[in-house]
Amino acid sequence: MTLKAKKYVFEQQFALAKETIWKLISDNNRMNPYIGIFPVQFSGVQKEGTNVFYRSAQAKIAGLIPLKWQEFPFQWEENKSYIVERRYVSGPLVSYTWGIELVDSSDAFAEKTTVRVIAEYLPRNPLGIAVVLAIGIQSMKNTLAYIDDYAKAGADPRELPQKAVNAKVNFVELERLEDRLRKFPVDASYIVLLHRFLVEKSDSDVAVMEPIQIAKQWKKDSEEVLRMLLYATKSGILNLSWNLICPNCRVSKVDYSSLSQLQNQFHCDLCGINYDADFDRYVELQFSVHPSIRKAYAEVYCVGAPQITPHIKVQKIIGAGQTIVLPITSAEKALRLRVLQENNMVDILDKLPAEGHPALLEYTEEGWSHSNIARRSEISLTNSSQNDIIVALEQSDWNAETVTAAKVTAMQEFRDLFSSEVLSPGQQISIRNVTIMFTDLKGSTSLYETVGDATAYGQVNRHFEFLTHWISKNSGSVVKTIGDAVMAVFHLPEDGLRAALQIQQHVAEFNNAEKEDIMLKIGLHSGPAIAVNSNDRLDYFGRTVNVAARLQGEGVGGDLVIGRDFLEQVQANDVFAESSFMMELFHANLKGIEGQIELVRLSLDKKPEEIVDYIPLLLV
């Protein structure tokens, strides 16, 4: 008996903006368990003939009825719609297509959105009809209920609806380790928030903990939340892991429990590329609850939903010989088109005039007809190749809402707590941009001659503590000491600049308190570097390090020396607003560095009438 496909549509209006509802319904790994969809096991990417790629998947309905299918990529337009197709190879269904549409139905009084849930099922046998009626239809209704529950709860974007959690938590062990955590410099309110999070949140939430997202939920400072999570890891409440992120799809491909396990190169089967580990982009730090507290596993319900790759604004399948019109409604400035797996790209540029640049792009076996195109409201895309392709319109700049290895390894707390977290011997990992500081005591040689070795050694150590305080206060860390000199690292150049100026501002206080008379020379520089294991310590090498050291050598004492190009790169206005100083431009030949370099000397002055503030004209 041949059964016919059946299409179902349910819709409901909500007093919510489209953008808000999109965040709800595009996160299928959170929504699916809430609406009664079962977890799924996915295989790697496969491809046959001219068809687009798919993933083989399997699951059991109610834990009893086995299903196997091919799941094809989601297609979507951000804040508007998405659709996904499954073709079953076994079980009571032949095929199933699921989609959601959002229609703006706002009036003069309130934002409103009509949500349509659309599904089309082709049953293989009568059991398939029963499955559709019992589970498929109910999940469609539950989707609308999911949105409704969110709206009734107050529509807080940080709190998405979730199934009731009945986790088995070892409270005795948790409370014992919380006592250990209280011995660290952690705000007590953060410990309470962490306790509730580990007890009340879903398995997925506590198995994959992203510091910046948690900080948003708690409405707390992300730096302080990150520090607390590091202390909680040291206390035994959490584990940490290093996740390798694909530069194209930006999805975690593999995770390691230690930096020493990192490999230099990785492969993404979805994008079809190999890529190198990159500390400030592709290596991300995440946390998870320790299994002694709660056993939690992040079950997978979906691997292709829009929220998994939120930088992709539109994703469409274009069949061989087909032409589609692709809307460009995203407000993001940096956009590009990319063909998945083939990785042929077209930059969409605001600066190009629309006149003289075509609104039509053609794709062939050799790639796109143009390498860039002027931005406009829509672009026609023609696939003249022999194969179906998947085209993504995506934000091309990098997501700043992750804690990268470059950031966390530049924190003093991380180096103090996890000194064993280093790369394997001989391994080199690139960092696109890091800020290196060198300091040196002026006249330290005569200090030893004047007061003797023991007294001088004590003074030098106290000055190390002074430097470490201000470096750590500005999210940096001491990499190493070299005699009486210090090498420090910062993730952001603004942090390094602020730390250097604060150090020079507070030297007088240190001298008064310690009955000393030290004077410091500081050099600061930003740029690419190589992270390595040096004597079981995470260290940095490269031109950026060399320049920073040479800049310190240009100091005269009580000053900071930087390159003029550093000022042009850094967001310095806010930092300079906190300080008053003398600014001097000069040129110098740095040993081992080719060519003469324009430098800037910043120094405090004790005569207020001679103090000058930062002059933007110097950078013109």
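The values are calculated or read from the model by the stated rules, or taken from the named source; none is laboratory data. Because the structure is predicted, anything quoted here is derived from the model rather than measured. Cβ placement follows ideal geometry from the backbone for every residue including glycine, while neighbour counts extend to all protein chains displayed.
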Inset, instruction - Look at ILE273 and say whether it is crowded, with 18+ Cβ neighbours inside 10 Å and touching a residue at least 24 places away in the same chain (Cβ under 8 Å). - result: no
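Looking only at region 399-420, which residues are in a loop (DSSP other than H, G, I, E, B) and crowded, with 18+ Cβ neighbours inside 10 Å? Can you show your working first?
Filtering region 399-420 for residues in a loop (DSSP other than H, G, I, E, B) gives 399-403, 409-411, 418-420.
Across region 399-420, the qualifying residues are THR402, VAL403, THR409, ALA410, MET411, PHE418.
I'd like the residue in region 42-80 that is polar (S, T, N, Q) and crowded, with 18+ Cβ neighbours inside 10 Å and, out of all such residues, is farthest from SER26 (Cα to Cα). Before the answer, list the steps.
Going through region 42-80, the residues polar (S, T, N, Q) turn out to be 43, 46, 50-51, 56, 58, 70, 75, 79.
Then keep just the ones that are crowded, with 18+ Cβ neighbours inside 10 Å; that gives 70, 75, 79.
Numbers: GLN70: 20, GLN75: 11, ASN79: 9 Å.
Looking at the filtered set, the residue picked out is GLN70.
Is it the case, given these coordinates, that PRO39 is surrounded by fewer than 17 Cβ atoms within 10 Å (Cβ to Cβ) and out of contact with any helix residue (DSSP H, G or I) (no Cβ under 7 Å at 6 or more places or on another chain)? It would help to see each step written out before you state the result.
Details: surrounded by fewer than 17 Cβ atoms within 10 Å (Cβ to Cβ): yes; out of contact with any helix residue (DSSP H, G or I) (no Cβ under 7 Å at 6 or more places or on another chain): yes.
Taking the combined requirement at face value, the residue satisfies it.
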Inset, instruction - Go through the residues of region 576-585 one by one and say whether even a single one is in a helix (DSSP H, G or I) and modelled with pLDDT of 90 or more. - result: no
Inset, instruction - Inspect region 218-240 for any residue being farther than 20 Å from SER477 by Cβ, outside the structural domain of SER534 (by TED's automatic domain parsing) and modelled with pLDDT under 85 and give the result as yes or no. - result: no
Inset, instruction - Would you point out which residue out of ALA320, ALA331 is modelled with pLDDT of 80 or more and either in the same structural domain as LEU492 (by TED's automatic domain parsing) or assigned to a loop (DSSP other than H, G, I, E, B) (or both)? - result: ALA320
Legend entry - Qualifying residue in region 348-355 (condition: aliphatic (A, V, I, L, M), out of contact with any Pro (no Cβ under 7 Å at 6 or more places or on another chain) and at pLDDT 90 or above): no
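So, in region 45-78, how many residues would count as being out of contact with any strand residue (DSSP E or B) (no Cβ under 7 Å at 6 or more places or on another chain) and closer than 24 Å to GLY319 by Cα? Before you say what the answer is, go through the steps one by one.
Narrowing region 45-78 to residues out of contact with any strand residue (DSSP E or B) (no Cβ under 7 Å at 6 or more places or on another chain): 47-51, 62-65.
When the remaining residues are screened for being closer than 24 Å to GLY319 by Cα, the result is 47-51.
Final tally of qualifying residues: 5.
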Legend entry - Among (1) buried (at least 20 other Cβ atoms within 10 Å of the Cβ); (2) at pLDDT 85 or above; (3) of a type outside the set (Phe, Trp, Tyr); (4) within 30 Å of PRO493 (Cα to Cα), the one test that GLN315 misses: (4)
Legend entry - Test: residue in region 564-572 that is part of a loop (DSSP other than H, G, I, E, B), surrounded by 11 or more Cβ atoms within 10 Å (Cβ to Cβ) and in contact with a Pro (Cβ under 7 Å, 6 or more places away or on another chain): yes
Legend entry - VAL325 vs. criteria surrounded by fewer than 21 Cβ atoms within 10 Å (Cβ to Cβ), assigned to a loop (DSSP other than H, G, I, E, B) and either in contact with a Pro (Cβ under 9 Å, 6 or more places away or on another chain) or at pLDDT 90 or above (or both): no
Inset, instruction - Answer yes or no: is there a residue in region 390-409 that is acidic (Asp, Glu), in contact with a His (Cβ under 9 Å, 6 or more places away or on another chain), farther than 24 Å from GLN46 by Cβ and free of Cβ contacts under 8 Å to residues at least 24 places away in the same chain. - result: no
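Per-residue answers, yes or no, for (1) polar (S, T, N, Q); (2) modelled with pLDDT under 90; (3) exposed (fewer than 12 other Cβ atoms within 10 Å of the Cβ):
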residue: LEU160; (1), (2), (3): no, yes, no
residue: VAL165; (1), (2), (3): no, yes, no
residue: GLU178; (1), (2), (3): no, no, no
residue: LEU181; (1), (2), (3): no, no, no
residue: PRO185; (1), (2), (3): no, no, yes
residue: ALA188; (1), (2), (3): no, no, yes
residue: LEU193; (1), (2), (3): no, no, no
residue: PHE197; (1), (2), (3): no, no, no
Legend entry - Residue identified as at pLDDT below 85, closer than 26 Å to LEU492 by Cα and touching a strand residue (DSSP E or B) at 6+ places or on another chain (Cβ under 7 Å) among ASP278, ASP269: ASP278
Legend entry - Candidate set from region 461-476 (those that are within 17 Å of LYS521 (Cα to Cα) and surrounded by 18 or more Cβ atoms within 10 Å (Cβ to Cβ)); member that is modelled with the lowest pLDDT: HIS463
Inset, instruction - Identify all residues within region 507-543 that are in a helix (DSSP H, G or I) and either modelled with pLDDT of 95 or more or over 33 Å from the mean Cα position of the chain (by Cα) (or both); write none if there are none. - result: VAL507, ALA508, GLU509, PHE510, ASN511, ASN512, ALA513, GLU514
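Does ALA359 satisfy the condition of being surrounded by fewer than 18 Cβ atoms within 10 Å (Cβ to Cβ), out of contact with any Cys (no Cβ under 6 Å at 6 or more places or on another chain) and within 29 Å of ALA59 (Cβ to Cβ)? Quick ask: steps written out before the conclusion?
Details: surrounded by fewer than 18 Cβ atoms within 10 Å (Cβ to Cβ): yes; out of contact with any Cys (no Cβ under 6 Å at 6 or more places or on another chain): yes; within 29 Å of ALA59 (Cβ to Cβ): no.
So ALA359 does not fit the description; no.
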Inset, instruction - May I ask you to verify whether GLY91 is over 17 Å from LYS7 (Cβ atoms), small (Gly, Ala, Ser) and surrounded by 14 or more Cβ atoms within 10 Å (Cβ to Cβ)? - result: yes
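Report, by residue number, each residue of region 374-395 that is in a strand (DSSP E or B), surrounded by 16 or more Cβ atoms within 10 Å (Cβ to Cβ) and not aliphatic (A, V, I, L, M).
In the first step, residues of region 374-395 are kept if they are in a strand (DSSP E or B); the result is 374, 378-383, 389-395.
Add one more test, that the residue is surrounded by 16 or more Cβ atoms within 10 Å (Cβ to Cβ), and what stays is 374, 379, 381-383, 389-395.
Those that are in a strand (DSSP E or B), surrounded by 16 or more Cβ atoms within 10 Å (Cβ to Cβ) and not aliphatic (A, V, I, L, M): THR382, ASN383, GLU394, GLN395.
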Inset, instruction - May I ask you to list pairs of residues, at least six apart or on different chains, whose Cβ atoms are under 6 Å apart, with the first in region 44-67 being within 14 Å of ASP269 (Cβ to Cβ) and the second being in a loop (DSSP other than H, G, I, E, B) and of a type in the set (Phe, Trp, Tyr)? - result: VAL45/PHE53; LYS47/PHE53; TYR54/PHE72
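From the list GLY99, GLY91, exactly one residue is in contact with a strand residue (DSSP E or B) (Cβ under 7 Å, 6 or more places away or on another chain), of a type in the set (Gly, Ala, Ser), free of Cβ contacts under 8 Å to residues at least 60 places away in the same chain and more than 22 Å from PHE10 (Cβ to Cβ). Which is it? Please lay out each step first, then the result.
Numbers: GLY99 fails: more than 22 Å from PHE10 (Cβ to Cβ).
Unique residue meeting the criteria: GLY91.
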Inset, instruction - Output yes when any residue across region 364-372 is modelled with pLDDT of 85 or more and surrounded by 17 or more Cβ atoms within 10 Å (Cβ to Cβ), and no when none is. - result: yes
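In region 68-111, which residues are in a strand (DSSP E or B) and among the charged types (D, E, K, R)?
Within region 68-111, LYS68, GLU71, GLU77, GLU85, ARG86, ARG87, GLU101, ASP104 meet the criteria.
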Inset, instruction - May I ask you to list the residues in region 276-312 that are buried (at least 18 other Cβ atoms within 10 Å of the Cβ), in contact with a Phe, Trp or Tyr (Cβ under 8 Å, 6 or more places away or on another chain), among the β-branched types (Val, Ile, Thr) and assigned to a loop (DSSP other than H, G, I, E, B)? - result: VAL303
